[in-house]
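Report on the following structure.
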Amino acid sequence: MQTTIPPIRVLFLSAWYPNKTDTMFGLFVKRHAQCISAYADVSVLYIHPHPTLKINYEVEINSDGKLKEIIVYYKSSTSKIPLISSGIKLYRYLTAYCKGLNTIKKEFGHFDLIHANILTRTGVIAYLLHKFSRKPYIITEHWSRYLPITNTYKGVLRKWLTKIVVKNASAVVPVSKSLKDAMLSNHLYNTNYHIIHNCVDTSMFHPVTKKTSPLKTILHVSCFEDRSKNISGILRVLKKLSTQRTDFVCRFIGDGIDKPAMEKLSQELGIYNTFAIFEGLKENKNLIRIYQESDFFLLFSHYENMPVVIAEALSCGLPLIATQVGGIPEIVNETNGILVNANDEEKLYYAIIKMLDTFHKYDKNQLHLYAVKFFDKKVIGEKYLEIYKEVLNR
């Protein structure tokens with residue numbers, strides 16, 4: 001008689017995750033959780049402050065097959081005294097974690113392994129749980145804070161805690177080689193580094209036959225943070241391009257802190273709703289349709305790790321123009337796009353001209369197959385399952 005082996009039960013901790021106050025923040029983490037949930041029981045625990053919460057804590061439970069989401073909101077501190085406010089925040093944050101862990105234990109039972117996403121706080125929680133429960137933990141890192149250009153990996157306490165957390169993890173999984181190198185350059189040592197990219201559902205993000213049109217569509221999708229995404233640079237280049245040719249439009253999809261400022265800049269440049277169209281946040285089928293309606297994808301970031309929008313664009317058969325930063329050169333090359341240096345608006349100008357005239361020469365199906373090879377949810381899920389097995393069998 002064949003015995004069925006129960007699936008691995010994973011406690012999935014994340015510092016970023018989509019929630020009712022921000023559906024876009026941490027979407028790439030949720031995609032990882034969804035990929036992994038095809039091969040393991042995943043209980044996501046996310047703790048988030050809520051500025052308008054009337055009670056101190058609110059627990060939200062969502063369950064979809066093997067993926068469970070427990071989001072605990074806690075009331076923000078209203079004290080104007082910094083020391084008191086920080087103490088209240090820390091107390092409520094830790095209490096919220098205890099409530100979330102108790103909910104998982106009550107609703108879904110024990111876990112075999114802890115998977116922390118985005119350091120440092122979640123890593124500290126994973127480390128403490130490891131010490132108390134003797135369960136191993138692994139880390140997936142997405143954050144660009146370790147890159148020299150961002151200069152945000154600071155603080156003696158943060159660095160000390162991060163080194164301890166990384167050293168004691170059973171595996172560390174950055175989303176690009178560039179991020180791994182940046183972590184090592186900051187003395188974040190571990191003997192078991194793996195590189196696993198962000199994932200995409202390539203069965204949903206796929207190419208379609210697009211009608212030829214004299215108006216060519218450029219697509220940009222981002223979180224609208226100009227410091228990293230350099231949307232202002234794109235707008236200046238589009239303005240310059242509009243004085244030479246009028247056979248294009250750039251669709252800007254997404255929302256974020258700098259969206260109003262970017263809309264205002266495009267108005268000042270005289271390209272708002274003509275050459276630059278701002279369409280706001282799009283999700284699921286609406287987002288996929290926009291990818292499929294476009295001719296090529298544009299990302300002019302100052303810094304990145306492994307943006308999931310590149311995976312989505314390639315999976316929909318779009319060639320790319322992107323900057324030579326972070327993990328992008330590990331994926332983008334002459335077979336699927338054009339690389340330019342960050343902040344080089346002149347090179348971007350000529351790259352867009354070239355792509356407007358040659359995008360149709362790229363084979364959409366080959367670009368899709370490339371995405372399947374590197375980003376498909378099955379590929380990513382199986383890679384994580386192998387790491388889980390290795391860690392648990394060690």
Can you show me the helix-derived [θ] at 222 nm for the chain, built from DSSP H runs with n ≥ 4 at -39,500 (n - 2.57) apiece and divided by the number of residues, rounded to the nearest 500. -12500 deg cm²/dmol
So what does the Cα-only Debye profile of the chain read at q = 0.06 Å⁻¹, as log10 I(q)/I(0), no solvent term? -0.25
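Tally Lys/Arg at +1 and Asp/Glu at -1 over every other residue whose Cβ is under 11 Å from the Cβ of L348; what's the total? Before the final figure, lay out each step's value.
Working: positive: R236, K240, K347, K354; negative: D344, E345, E346.
Cβ neighbours under 11 Å give a net charge of +1.
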Step through the residues of region 268-274 one at a time and calculate ³J(HN,Hα) from phi using the Karplus curve (6.51 cos²θ - 1.76 cosθ + 1.60, θ = phi - 60°), rounding each to whole Hz and writing x for Gly and Pro. 5, 7, x, 10, 5, 6, 10
May I ask you to evaluate 6.51 cos²θ - 1.76 cosθ + 1.60, the Karplus curve with θ = phi - 60°, for each residue of region 39-54 and list the ³J(HN,Hα) values in order in whole Hz, giving x for glycine and proline? 10, 8, 7, 10, 10, 7, 10, 10, 10, 9, x, 10, x, 10, 5, 8
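At a Förster distance of 45 Å, what's the computed FRET efficiency of E107 paired with T246, Cβ-Cβ distance as r, to 0.05? Write down the numbers at each step before the final one.
Details: r = 58 Å, r/R0 = 1.28.
Efficiency for this residue pair is about 0.20.
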Förster radius 22 Å - calculated FRET efficiency between R158 and T23 (Cβ-Cβ, nearest 0.05): 0.20
Compute a Gaussian network model of the chain, connecting alpha carbons closer than 10 Å, and tell me which residue from S43, S144, S76 fluctuates the most. S76
Hey, got the dipole for the chain? About the Cα centre, +1 on K and R Cβ, -1 on D and E Cβ, debye to the nearest 20? 1180 debye
Looking only at R236, R134, R145, which one moves most when the chain is put into a Gaussian network model with springs between Cα atoms under 10 Å? R134
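Taking 0.36 nm per intervening residue step and subtracting the Cα-Cα distance, what contour gain separates S86 from E330 on full extension? Numbers along the way, then the final one.
Working: separation 244, 0.36 × 244 = 87.84 nm, distance 4.07 nm.
So the chain would gain 83.8 nm between S86 and E330.
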Long-range amide H contacts for E69: which residues qualify at under 5 Å (H placed 1.01 Å from N, peptide plane, sequence gap of 5 or more or a different chain)? V44, N62, S63, D64
Amide H within-cut-off set for K282, under 5 Å, with H built and near neighbours excluded: G254
When the chain is modelled as a GNM with alpha-carbon springs shorter than 10 Å, which of V173, V59, V325 fluctuates the most? V59
Dimensions (Å) - region 170-250, Cα atoms, principal axes, largest first: 54, 33, 18
For region 216-375, using Cα atoms only, the Rg and Dmax in Å read 14.3, 43
For a quick check: with amide H placed at 1.01 Å from N, whose amide H comes under 5 Å from A15's, ignoring anything fewer than 5 positions away on the same chain? N117
Could you sort 113-125, 293-305 so that the peptide with the highest average Cβ count within 10 Å comes first and the rest follow in order? 113-125, 293-305
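What is the extension gain from T212 to D64, computed as 0.36 nm multiplied by their sequence separation minus the C-alpha to C-alpha distance, in nm to one decimal? Could the numbers behind the result be given before it?
Values: separation 148, 0.36 × 148 = 53.28 nm, distance 4.03 nm.
Extra length available between T212 and D64 comes to 49.3 nm.
Every number in this text was worked out from the coordinates using simple rules, so none of it is lab data. All values reported here derive from a predicted model rather than from experimental measurement. Virtual Cβ from ideal backbone geometry, glycine too; neighbours counted across all protein chains shown.
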